[in-house]
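For reference, the structure is listed below as structure tokens.
The values are calculated or read from the model by the stated rules, or taken from the named source; none is laboratory data. These figures come from a predicted structure and were not determined experimentally. For neighbour counting, all protein chains shown are included, and Cβ atoms are generated from backbone atoms with ideal geometry for every residue, glycine included. For the accessible areas, the whole protein counts, side chains as well, though only heavy atoms, and no ligand, DNA or RNA atoms are used. Shrake-Rupley method; radii C 1.70, N 1.55, O 1.52, S 1.80 Å.
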Amino acid sequence: MAERIAELTNAWSPHDAHAVDALREAEVAQLRLLYDSSNYVFLADLEHPEHGAGLGVYKPQRGERPLYDFDYGTLHRREVATYELSRLLGWEMVPPTVEREGPEGLGSMQLFIEHNPAEHFFELRGRDDLRDQFVRMAAFDLVANNADRKGGHILLAADGRVWGIDQALCFHEHEKLRTVIWDFAGEGLPQPLQADLQRAHDAMRDCDASSEALRAFLSDAEVEAFVERAAGLLAHPVLPEMYPWRCVPWPMI
């Protein structure tokens, strides 16, 4: 399947203004199961009457594997929430993602990003031209409380943009950060990122209209926990050192 994914092309770009509407409204013409996933995940061939054909990654709620620490049935909503957080921050690092009905019921539908599966984080981490994007992703995972940032969850598009996928284990109200991106521990968060985070923090704290789409996918406790994490990073805008408890996912790719 990895070889097949490397050959796929998507007519829709994550930069298209119509991408979200196309994902939400398109007919699902065909589903192909992605066998290496812990939950049921499908590559979806999509057809839209106005925007043509495209590819999406469909994660139905009914295909979620029960976990002891995340409420059952919420994983697909957390995928959508990470997209909404990326939008709120203005960082464009999570592919367009929507909640919608599909052939296997309610789930998330995320735009498929063309990429080479062999170019995961451990192959890309030394590239100076990607450094700023990795710093931004490290900050994103910290405030989103990502419990599963594997190396293979980082994709490099042809235009040089880095995208984060498979973010269903985010926004827990208790500390859960597990990531492979520890290369920048101890480094200060750049001022522009601090400004973006301050804006998102204030919008979530004040229940501003700009944060409504994100808050719709989180519980009150999860919103409060996000505000606290963001405030903590803003008070000490330095990427943390590795924690003394488990702080990396397994497997790491």
Identify, from the list Gly126, Gly160, the residue that is free of Cβ contacts under 8 Å to residues at least 24 places away in the same chain, part of a loop (DSSP other than H, G, I, E, B) and over 19 Å from Phe217 (Cα atoms). Gly126
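A quick yes/no check of all residues on (1) touching a Cys at 6+ places or on another chain (Cβ under 9 Å); (2) closer than 17 Å to Arg229 by Cβ; (3) of a type in the set (A, V, I, L, M, F, W, C):
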site	(1), (2), (3)
Arg149	no, yes, no
His153	no, no, no
Ala158	no, no, yes
Val180	no, no, yes
Phe184	no, no, yes
Leu189	no, yes, yes
Leu193	no, yes, yes
Arg205	no, yes, no
Tally up the residues in segment 163-185 that are at positive phi and open to solvent by 10 Å² or more (accessible area, probe 1.4 Å), please. 1
Before we move on, is Ala138 touching a Phe, Trp or Tyr at 6+ places or on another chain (Cβ under 6 Å), within 28 Å of Asp208 (Cβ to Cβ), modelled with pLDDT of 95 or more and open to solvent by less than 20 Å² (accessible area, probe 1.4 Å)? yes
Given the conditions (1) surrounded by 16 or more Cβ atoms within 10 Å (Cβ to Cβ); (2) hydroxyl-bearing (Ser, Thr, Tyr); (3) free of Cβ contacts under 8 Å to residues at least 60 places away in the same chain, which single one is not true for Ser219? (1)
All positions within segment 194-237 that are over 17 Å from the mean Cα position of the chain (by Cα) and outside any helix (DSSP H, G or I): Asp206, Cys207, Asp208, Ser219, His236, Pro237
Do we find a residue being exposed (fewer than 15 other Cβ atoms within 10 Å of the Cβ), over 13 Å from Leu89 (Cα atoms), free of Cβ contacts under 8 Å to residues at least 60 places away in the same chain and touching a Leu at 6+ places or on another chain (Cβ under 7 Å) anywhere in segment 187-195? yes
Picking from Phe140, Phe122, which residue would you name as being under 14 Å from the mean Cα position of the chain (by Cα) and not acidic (Asp, Glu)? Phe140
Keeping to segment 100-135, report how many residues are in contact with a His (Cβ under 7 Å, 6 or more places away or on another chain) and under 29 Å from Leu197 (Cβ atoms). 1
Exactly one of these conditions fails for Asp141: (1) under 21 Å from Thr74 (Cα atoms); (2) out of contact with any strand residue (DSSP E or B) (no Cβ under 6 Å at 6 or more places or on another chain). Give me its number. (2)
Would you confirm whether any residue within segment 143-162 is more than 26 Å from Trp12 (Cα to Cα), open to solvent by 30 Å² or more (accessible area, probe 1.4 Å), among the hydrophobic types (A, V, I, L, M, F, W, C) and at pLDDT 95 or above? no
